[in-house]
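Novice: Here it is: the structure, laid out below.
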Amino acid sequence: MAASETATLLDEERLRIKELVCGILELNAADVTDDSLFQAELGADSLSLLEVQAVLEQEYNVSLEDLELSDMTNLAALYAAVAGARGPAE
């Protein structure tokens, strides 16, 4: 699949995901980058990551049931999971 055909998110969608995650994890958005590790750097636990997964499924009307907690490492991984669950941009 060509890069132009891969699923992507708009900047506004990425910002919204970051806002949701920071709200759930009770973090200041300015302290979180796309590569910040949720568990190792930000202190997230399994329960909070399950809540993130549920909120993203509801917010974006997608199924992330195949997304393992071990794959929910950072915002970049969540962006890819949501975009992938929605499929390629039309």
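Novice: Does SER36 qualify as being assigned to a loop (DSSP other than H, G, I, E, B) and without any contact (Cβ under 8 Å) to a residue 24 or more places away in the chain? Full working, then the answer.
Specialist: On the way: assigned to a loop (DSSP other than H, G, I, E, B): yes; without any contact (Cβ under 8 Å) to a residue 24 or more places away in the chain: no.
It is false that SER36 is assigned to a loop (DSSP other than H, G, I, E, B) and without any contact (Cβ under 8 Å) to a residue 24 or more places away in the chain.
Novice: Also, quick follow-up: Specify the residue that is most open to solvent (accessible area, probe 1.4 Å); the eligible residues are those in the range 6-33 that are within 15 Å of LEU78 (Cβ to Cβ) and outside any helix (DSSP H, G or I).
Specialist: Looking at residues that are within 15 Å of LEU78 (Cβ to Cβ) and outside any helix (DSSP H, G or I), I get LEU10.
Novice: Here is a further query. Against the definition (without any contact (Cβ under 8 Å) to a residue 40 or more places away in the chain and not hydroxyl-bearing (Ser, Thr, Tyr)), how does ALA83 come out, yes or no?
Specialist: No, not satisfied.
The values are calculated or read from the model by the stated rules, or taken from the named source; none is laboratory data. What you see is a predicted model, and the numbers here were worked out from it, not measured in a lab. With ideal geometry, Cβ positions are generated from the backbone for all residues, glycine too; neighbour counts draw on all protein chains shown. The area values use the complete protein model at the heavy-atom level, side chains included, leaving out ligands, DNA and RNA. Shrake-Rupley method; radii C 1.70, N 1.55, O 1.52, S 1.80 Å.
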